[in-house]
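To start, the structure itself, in structure tokens.
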Amino acid sequence: MAGADPGVTRHVAIAGNPNCGKSTIFNALTGLRQKVGNYPGVTVEKKTGRFFGSHGEPMELLDLPGSYSLQVRSPDEAVARDVLLGRLPGTPRPDVIICVVDASNLERNLYLVAQMLELQIPVVVALNMVDVAEKNGAVIDLMALREKLGVPVIPTVATKGGGFIELRQAVSRSPLPPPPVCAQMPIVLEREVMALAKQLPVAPEVARGEALLLLTLHDEALDAITQHDRTIIDATRSAQQRLTASGIDPLSAPVDARYDWIGQVCAAALHKGGAHDATSISDQLDGWLTHRIWGWVAFVGMMALMFFCIFTVAQYPMDWIDAAKTALANWTKAHVPAGDLQSLLADGIIGGVGGVVIFLPQILILFFFLGILEDTGYMARAAFIMDRLMSKVGLHGKSFVPLLSSFACAIPGIMATRTIENRKDRLVTILVAPLMSCSARLPVYVVMIALMLPAASAWEQSGIMLAMYLTGLIAAFVMAWIFKKTLLRGDTPMLLLEMPPYRLPSWRGIAQRMWERGLLFLRRAGTVILALSIVLWALLTFPKPTHSDATPSEALSHSIGGRMGHAIEPLIAPLGYDWKIGIGLVGSFAAREVFVSTMGQVYNIEDADETSEPLREQMRAEKRADGTAVFTPLVCLGLMVFYVLAMQCISTVAIVRRETNSWFWPLFQIAYMTGLAWIGAFVVYQGGRLLGFQ
Ligand code: GDP
Ligand code: MG
């Protein structure tokens, strides 16, 4: 019915970033005269309503979905763009745009304004939330802003009804002039834009904007265009090539020009409040924490501090848990007659479950830090500095949040990918999420680092740990880039992230999350790990050797687990591993943290009478047939790299199966990650040996 209304004199669209107050203004202007429907073919809500200009002339108002830019990244933004360019059948191109701007976030909001002004459609800017801006101590020079924008700027407080009379007046003023060109593009670019605009079969008002959008499209996005015929696409491509040849990147030059313009506007019209005021402290912090270099220094420094605490502070409770575990095992040995039952209880269950539970303090510290980083608002900044990398591999900034949560555990991380609208980007994110070092890797890293460098300081240990986390991160980026180039090719989206204000962390909230995570970890230890420990114990105990004078080593070799270890030995020998490490790899296939307790069981069986000796000492003393040590520094490093890259988690497989609704992706993921892990460990071990290391 929209547009068919005969009485309507003007079509007005309300555009703006999400949460800037569009709907509040829409509701205030239209009152109860609203219609809600859907845009054809998409599940985006279409809200229209009738309102009257200052002389009573009826106009139709359209509440557009929130958008940051006309270079769209979501179905919502695509609808807003298509309406503004008059591409949507049944929705007439607006005669006037009310561009709502959040005054307390002027700088960020101006990007969309710049793009609105590039369309030759009259624009009225509603400078909303001036109350918030004022409270934040920002002073906006209205005259300067009007002069710089060259269009009417009406300050409003939508929630309190401030400024609506002026807004109504501005919209019904006639005739409204088209806005002047604001962001100055390089001359060469401007010439190409005008030339391309002339060829476009669209209304002259939007031709320039449309041409600019075409010129900033990637190759693949150009291929996907359906609303123009090939001659236009070819013309765009050759214009892009000419621009590139003359040293102008057609994809980034318009963006840079808009940001330059925003800088000029803000310099002239925006005066921020005193230094003691909350926003400016926030801004200053942001200046450091999202800085090109200092941002990374801060990020790496914070991670290093976190791992340092994980190594030092956690040591005390870990010693207590270890003592309790040993006491429990000894008690069992004293009260249960020697035999399979004693072995199952002491080695299988207490050793297996205890060997995992001992890492509870470190995991709690990890979540303590992650909680602080999240609560203070730092995570969004981390995502922001990461986005520079993410965009290089062709991913959305949104993909980094799931990756960041995968540092704790890939399962919530993979579930968090649901916020990614683009199916291919979501799949890529799911595929690489388990490469982020989750908390279950901690036990493996801790034991391997202790074995590798027995005399290392906590800082050195943290350094290696950090290196492992970075290895996972880099692997995730490289694989994402490869997947985006091959299996899941697609358009590269652009990032604009909400930056929440810095806040003091809520200690209660953090404690609650640590408690939840701790319980989850213990529940996993009590179920999955317990079951796996029993199965592993059985695999390592049966079948028993036929003659009773067999050595423990022969018995282990004879067991199913031992045979499995022997069976994969040829595969892992190039990585420097023997069959006993093979048992650990097989044993931890379903849950990586079981590696440590599996090794515990393996060496306990071997040195049945020396169980009081700590596992690390046993592993350190382990010799090959030729008398050399098994766990050389290179083997330890290679094993860590293997665990950085390998899938080794049955719960993740299950969740990927559920989220992708297919068996192909989880199986593919196991295959590529195992392959990657093997290659990584191979390169470390063989490369290290070539360089003369041990
Ligand atoms: P939309 O996403 O752009 O449609 O934004 P909404 O109209 O839903 O507004 C987002 C939030 O900002 C709501 O909670 C509004 O009540 C609030 N809001 C809108 N305008 C103003 C304003 O001028 N001042 C203040 N303080 N809050 C506002
Ligand atoms: Mg809204």
Please give the number of the condition Tyr68 fails out of (1) within 16 Å of ligand 2 (Cβ to nearest atom); (2) aromatic (Phe, Trp, Tyr); (3) in contact with a Pro (Cβ under 7 Å, 6 or more places away or on another chain).
(3)
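Condition check ((1) farther than 23 Å from Ala269 by Cβ; (2) without any contact (Cβ under 8 Å) to a residue 60 or more places away in the chain; (3) within 16 Å of ligand 1 (Cβ to nearest atom)) across all residues:
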| site | (1), (2), (3) |
| --- | --- |
| Leu61 | yes, yes, yes |
| Ser69 | no, no, yes |
| Leu85 | yes, no, no |
| Pro94 | yes, no, no |
What number of residues within the stretch 22-39 are more than 13 Å from ligand 2 (Cβ to nearest atom), among the aliphatic types (A, V, I, L, M) and either open to solvent by less than 70 Å² (accessible area, probe 1.4 Å) or under 16 Å from Thr159 (Cβ atoms) (or both)?
1
In the stretch 315-338, anything at pLDDT 85 or above and either among the hydroxyl-bearing types (Ser, Thr, Tyr) or not in a helix (DSSP H, G or I) (or both) is listed as Tyr316, Thr326, Thr332, Val336, Pro337
I'm trying to understand the selection: among the residues of the stretch 86-121, which are open to solvent by 10 Å² or more (accessible area, probe 1.4 Å) and touching an Asp or Glu at 6+ places or on another chain (Cβ under 7 Å)?
Leu88, Gln120
Any residue at all in the stretch 142-149 that's open to solvent by less than 20 Å² (accessible area, probe 1.4 Å), within 37 Å of the chain's Cα centre (by Cα) and free of Cβ contacts under 8 Å to residues at least 40 places away in the same chain?
no
Members of the stretch 20-57 that are away from ligand 1 (no atom under 14 Å from the Cβ) and at pLDDT 90 or above:
Thr48, Arg50, Phe51
All but one of (1) open to solvent by 10 Å² or more (accessible area, probe 1.4 Å); (2) within 19 Å of Leu435 (Cβ to Cβ) hold for Ile358, so report the exception by its number.
(2)
Inspect all residues belonging to the stretch 287-305 and state whether any of them is surrounded by fewer than 13 Cβ atoms within 10 Å (Cβ to Cβ), outside any helix (DSSP H, G or I), out of contact with any Pro (no Cβ under 9 Å at 6 or more places or on another chain) and not assigned by TED's automatic domain parsing to the domain that holds Met116.
yes
Residues that are open to solvent by less than 40 Å² (accessible area, probe 1.4 Å) and either aromatic (Phe, Trp, Tyr) or modelled with pLDDT of 90 or more (or both): find the helices (runs of 4 or more DSSP H) completely inside the stretch 526-619 holding 1 or more of those.
530-541, 560-572, 579-587, 594-606
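Here's the yes/no breakdown for (1) surrounded by fewer than 17 Cβ atoms within 10 Å (Cβ to Cβ); (2) out of contact with any Lys or Arg (no Cβ under 7 Å at 6 or more places or on another chain); (3) under 25 Å from Lys272 (Cα atoms); (4) outside the structural domain of Leu61 (by TED's automatic domain parsing):
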| residue | (1), (2), (3), (4) |
| --- | --- |
| Val123 | no, yes, no, no |
| Val130 | no, yes, yes, no |
| Glu134 | yes, yes, yes, no |
| Ala138 | no, no, yes, no |
| Val151 | no, yes, yes, no |
Step by step: first the residues of the stretch 197-230, then only those that are touching a residue at least 12 places away in the same chain (Cβ under 8 Å) and polar (S, T, N, Q), then the one that is farthest from Val72 (Cα to Cα). Which residue is that?
Gln199
Need the failing condition index for Ala334 against (1) open to solvent by less than 30 Å² (accessible area, probe 1.4 Å); (2) among the aliphatic types (A, V, I, L, M); (3) out of contact with any helix residue (DSSP H, G or I) (no Cβ under 7 Å at 6 or more places or on another chain), just the number.
(1)
Can you tell me which residue in the stretch 638-673 is modelled with the highest pLDDT, limited to those that are open to solvent by less than 10 Å² (accessible area, probe 1.4 Å) and farther than 25 Å from Ile581 by Cα?
Pro666
Name the residue, out of Pro177, Pro152, that is closer than 15 Å to Ile97 by Cβ and more than 41 Å from the chain's Cα centre (by Cα).
Pro177
How many of the residues in the stretch 54-92 are in contact with a Lys or Arg (Cβ under 6 Å, 6 or more places away or on another chain) and in a loop (DSSP other than H, G, I, E, B)?
4
Consider Met116 against the criteria (1) within 16 Å of ligand 2 (Cβ to nearest atom); (2) modelled with pLDDT of 90 or more: it satisfies all of them except one. Which criterion is unmet?
(1)
If you check Lys160 against the conditions, is it within 16 Å of ligand 1 (Cβ to nearest atom), surrounded by fewer than 18 Cβ atoms within 10 Å (Cβ to Cβ) and more than 22 Å from Val123 (Cβ to Cβ)?
yes
Restricting attention to the stretch 119-136, and to residues there that are touching a residue at least 40 places away in the same chain (Cβ under 8 Å) and within 15 Å of ligand 1 (Cβ to nearest atom), which single residue is nearest to Arg87 (Cα to Cα)?
Ala126
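The values are calculated or read from the model by the stated rules, or taken from the named source; none is laboratory data. Every value quoted in this text rests on a predicted model; they were computed, and no experiment measured them. Don't worry about glycine lacking a Cβ; one is built from the backbone with ideal geometry, like all the others, and counts go over all protein chains shown. Just so you know, the surface numbers come from the protein's heavy atoms only, side chains and all, with ligands and any DNA or RNA stripped out. Shrake-Rupley method; radii C 1.70, N 1.55, O 1.52, S 1.80 Å.
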